[in-house]
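Note sheet for the following structure.
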Amino acid sequence: MIETFHIESLAHVSPAWPVIIAGLVAALISHNHVRKALALLAPILALLLWFNPTTTGTFGLIEFGGFTLETFRYDNLSRIWSLVFIIAAFINGLYGLHEKDRLADVMGLIYSGAGLGAVFAGDLLTLFFFWELTAISSVFLIWGSRNNASYKAGLRYLGIHILSGVLLLAGAVIRASETGSWAFDGSLSIDTIGGFLIFIAFGIKCAFPFLHNWLQDAYPKATITGAVVLSAFTTKLAVYALARGYAGTEILIYIGAVMTAFPVFFAVVENDLRKVLSYSLNNQLGFMVVGIGVGTELALNGAAAHAFVHIIYKALLFMSMGAVLHRVGTVKGSELGGLFKSMPATTFFCLIGAASISAFPLFSGFVAKALTLAAVAQEHHTLVWLVLVFASAGVLEHSGIKIPYFAFFAHDKGLRVREAPVNMLMAMGLAALLCVYLGIHYGVLYELVPYPEAALYYEPYTFDHIVGQMQLLLAAMFAFTVLVRFKLYPEEKRSVNVDFDWIYRRFLDGAARWAWQMIDRLNAAVGNVVSSVQSRMGGKAFEIFSPGGQLSRDIPSGVLAIWTSALLAVVLLIAYLAP
């Protein structure tokens with residue numbers, strides 16, 4: 001029998017709850033201004049709750065079915081991740097103030113809150129709940145574009161993230177049956193079946209090589225605001241999960257090294273600038289994964305610091321491209337150029353984001369990336385260090401130079417548009433301010449990392465480091481200039497670049513079609529059952545769920561069946577676990 005819920009104490013409430021609750025309340029509010037106020041006030045309340053614990057520990061315990069769910073584990077690792085998630089949620093709310101889309105407001109808040117909840121999760125069951133909630137809520141930010149391409153990309157995105165959740169749950173159940181523990185901590189290992197399944201679940205969400213295409217497929221097709229929100233949470237949640245469960249796992253060093261290198265080549269030839277940023281995101285994740293794989297205190301500090309600053313400067317770059325898309329209607333490099341004349345503020349903020357991601361001195365990327373490179377060098381991973389140096393030059397080329405150059409300066413197309421809306425500029429300005437502030441006052445960042453004692457003894461602004469980094473950056477800039485001057489740089493043109501997803505589309509297409517046919521049949525069966533129940537009740541209580549109801553009209557075919565199946569699986573799991 002399932003026990004009654006019992007909350008241990010209301011003195012320590014997870015900062016995730018006010019954000020999630022705000023999303024649920026927003027679903028009931030038709031007035032746009034009230035929803036926008038919730039989008040700004042919820043992260044502020046979450047921040048107040050973030051300051052509430054005076055010591056590290058586990059709070060917000062919920063007794064359920066004989067298990068103790070840990071909803072608020074507050075320690076040095078969750079502290080830094082949750083803080084930047086709260087900052088990102090506020091910036092996202094500010095950036096989207098001009099939009100009038102209730103669904104985007106609702107799902108943006110629930111998605112942000114789910115990300116926070118997963119970071120604070122102290123056990124694998126709680127993690128699974130929030131893990132799946134991020135997937136279900138975030139897909140609407142892709143479908144929000146309301147076109148056929150975003151619909152298909154959203155289905156692919158949802159499918160692979162549901163798979164990630166299934167693997168996570170399966171791994172957790174297997175591990176619990178073997179060890180009797182649901183703990184989400186450093187005891188996870190890839191040497192066991194359960195631990196390996198959980199590792200793959202994290203790897204899917206982290207966009208490991210060959211598992212990464214959902215990112216470049218979905219993010220460029222999301223709404224203008226949706227892409228900004230997506231860039232902050234999903235993959236960085238996976239990085240956090242790896243840092244929590246698999247720190248020091250050596251294979252992550254080599255996985256991360258590959259992640260830093262291969263996106264460089266795709267980003268160079270890509271024409272869609274939001275897709276370039278998606279490949280760049282993959283590149284940056286690689287640095288964090290390498291740090292987690294090295295596993296020393298300095299390396300883990302580097303991964304955490306890099307995740308913190310990356311969320312901010314990557315959001316800034318996505319916001320600048322979103323502003324361009326909002327005003328021009330495209331972010332194709334072949335169709336842009338000369339926008340600095342009519343969008344000077346957006347150009348300025350984009351350049352700050354470019355300098356940050358390129359790790360120029362006095363910007364946040366410089367002081368964060370230095371920790372990881374130093375840790376890799378200390379552990380004598382020379383080849384990996386060289387790959388990271390190459391990847392650093394590559395990120396300057398495709399995010400530091402290509403994005404602002406082709407959007408704002410190259411081949412003036414005569415586009416004369418208005419500057420971005422004020423709220424967009426305010427959000428970009430806040431992110432830009434943080435990029436500069438953390439680059440100069442890096443001690444603030446170093447105090448937040450998991451091992452602040454190790455970080456506070458590290459000095460990023462040494463003569464050797466500054467000179468070495470500037471040599472690398474200037475060499476990359478010179479190479480780009482020469483290639484463009486002599487017309488050797490790949491031309492920006494309308495094209496579709498083939499990535500590893502070609503394998504999925506080529507060989508798994510038949511299997512996918514069969515799967516969707518089965519899902520459609522399940523959807524029809526569920527609809528028939530609901531209709532039968534409704535007719536027996538003689539009312540309209542379930543009309544919204546019927547085959548012709550509003551929910552069926554608003555949500556793509558098959559999705560209700562996926563959720564129904566997932567809910568059924570959870571119910572069966574609870575029934576199995578209940579004493």
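The values are calculated or read from the model by the stated rules, or taken from the named source; none is laboratory data. Model, not experiment: these values are computed from the prediction. Don't worry about glycine lacking a Cβ; one is built from the backbone with ideal geometry, like all the others, and counts go over all protein chains shown. Protein only, heavy atoms only, side chains kept; ligands, DNA and RNA dropped before computing areas. Shrake-Rupley method; radii C 1.70, N 1.55, O 1.52, S 1.80 Å.
Taking the criterion of being of a type in the set (D, E, K, R) and closer than 19 Å to S164 by Cβ, the only residue of the stretch 94-129 that qualifies is D123. Tell me, yes or no, whether the stretch 317-325 has at least one residue that is part of a helix (DSSP H, G or I), modelled with pLDDT of 95 or more, open to solvent by 10 Å² or more (accessible area, probe 1.4 Å) and on the phi < 0 side of the Ramachandran plot. Checked the stretch 317-325: at least one residue is part of a helix (DSSP H, G or I), modelled with pLDDT of 95 or more, open to solvent by 10 Å² or more (accessible area, probe 1.4 Å) and on the phi < 0 side of the Ramachandran plot. If you filter the stretch 379-437 down to residues that are among the hydroxyl-bearing types (S, T, Y), open to solvent by 40 Å² or more (accessible area, probe 1.4 Å) and within 27 Å of the chain's Cα centre (by Cα), you find that the one that is modelled with the lowest pLDDT is Y405.
Can you tell me which residue in the stretch 190-207 is surrounded by the most Cβ atoms within 10 Å (Cβ to Cβ), limited to those that are without any contact (Cβ under 8 Å) to a residue 60 or more places away in the chain and outside any helix (DSSP H, G or I)? This residue is T192.
The number of residues in the stretch 454-465 being assigned to a helix (DSSP H, G or I), over 28 Å from the mean Cα position of the chain (by Cα) and touching a residue at least 40 places away in the same chain (Cβ under 8 Å) comes to 1.
Inspect the stretch 107-114 for any residue being polar (S, T, N, Q) and within 30 Å of M424 (Cβ to Cβ) and give the result as yes or no.
So far as the stretch 107-114 goes, yes, one or more of its residues are polar (S, T, N, Q) and within 30 Å of M424 (Cβ to Cβ).
Pairs are defined by a Cβ separation below 6 Å, a sequence spacing of at least 6 or placement on different chains, a first member in the stretch 42-58 that is farther than 15 Å from V119 by Cα and open to solvent by 60 Å² or more (accessible area, probe 1.4 Å), and a second member that is of a type in the set (D, E) and assigned to a loop (DSSP other than H, G, I, E, B); no pair meets this definition.
Only a single item in (1) open to solvent by 10 Å² or more (accessible area, probe 1.4 Å); (2) closer than 20 Å to H398 by Cβ is not met by V294, and it is number (2). Whether a residue is closer than 25 Å to L124 by Cβ, open to solvent by less than 10 Å² (accessible area, probe 1.4 Å) and assigned to a helix (DSSP H, G or I) was assessed, and A299 passes this test. One residue alone among V258, V268 is modelled with pLDDT under 95, open to solvent by 10 Å² or more (accessible area, probe 1.4 Å), under 21 Å from K369 (Cβ atoms) and outside any loop (DSSP other than H, G, I, E, B), and that residue is V268.
Can you work out which of the residues in the stretch 208-233 that are outside any helix (DSSP H, G or I) and in contact with a helix residue (DSSP H, G or I) (Cβ under 8 Å, 6 or more places away or on another chain) is surrounded by the most Cβ atoms within 10 Å (Cβ to Cβ)?
First, the residues of the stretch 208-233 that are outside any helix (DSSP H, G or I): 208-212, 222-223.
Still in the running and in contact with a helix residue (DSSP H, G or I) (Cβ under 8 Å, 6 or more places away or on another chain): 208-209, 211-212, 222-223.
Working: F208: 23, P209: 16, L211: 17, H212: 25, A222: 28, T223: 25.
Residue satisfying both the conditions and the ranking: A222.
For the stretch 80-108, a residue qualifies if it is of a type in the set (S, T, Y) and within 16 Å of K236 (Cβ to Cβ), and exactly one does: S82. Among all positions in the stretch 360-368, there is no residue which is open to solvent by 20 Å² or more (accessible area, probe 1.4 Å) and without any contact (Cβ under 8 Å) to a residue 60 or more places away in the chain.
Could you say which residue among V482, V467 is more than 30 Å from I440 (Cβ to Cβ) and open to solvent by less than 60 Å² (accessible area, probe 1.4 Å)? If you could, list the steps in order and put the result at the bottom.
Numbers: V467 fails: more than 30 Å from I440 (Cβ to Cβ).
The unique qualifying residue is V482.
Restricting the first residue to the stretch 293-322 and requiring it to be over 17 Å from V444 (Cα atoms) and acidic (D, E), which pairs with a second residue that is open to solvent by 10 Å² or more (accessible area, probe 1.4 Å) and not in a helix (DSSP H, G or I) meet a Cβ separation below 6 Å and a spacing of at least six or different chains? Here the result reads E297/Y451, each pair linking the stretch 293-322 to a residue that is open to solvent by 10 Å² or more (accessible area, probe 1.4 Å) and not in a helix (DSSP H, G or I).
Touching a His at 6+ places or on another chain (Cβ under 8 Å), open to solvent by 10 Å² or more (accessible area, probe 1.4 Å), assigned to a helix (DSSP H, G or I) and over 18 Å from A375 (Cα atoms): is that true of V276 in this structure?
The answer is no for V276.
Being in contact (Cβ under 8 Å) with a residue 60 or more places away in the chain and open to solvent by 20 Å² or more (accessible area, probe 1.4 Å) is the requirement here; does T68 meet it? So T68 does not fit the description; no. Screening A243, A183, A238 for residues that are closer than 16 Å to M288 by Cβ, open to solvent by 10 Å² or more (accessible area, probe 1.4 Å) and touching a residue at least 24 places away in the same chain (Cβ under 8 Å) leaves exactly one candidate, A243.
Within the stretch 110-133, residues that are within 18 Å of P43 (Cα to Cα) sit with their Cβ atoms under 6 Å from residues that are among the charged types (D, E, K, R) and open to solvent by 10 Å² or more (accessible area, probe 1.4 Å), at 6+ positions apart or across chains, in these pairs: F120/R73.
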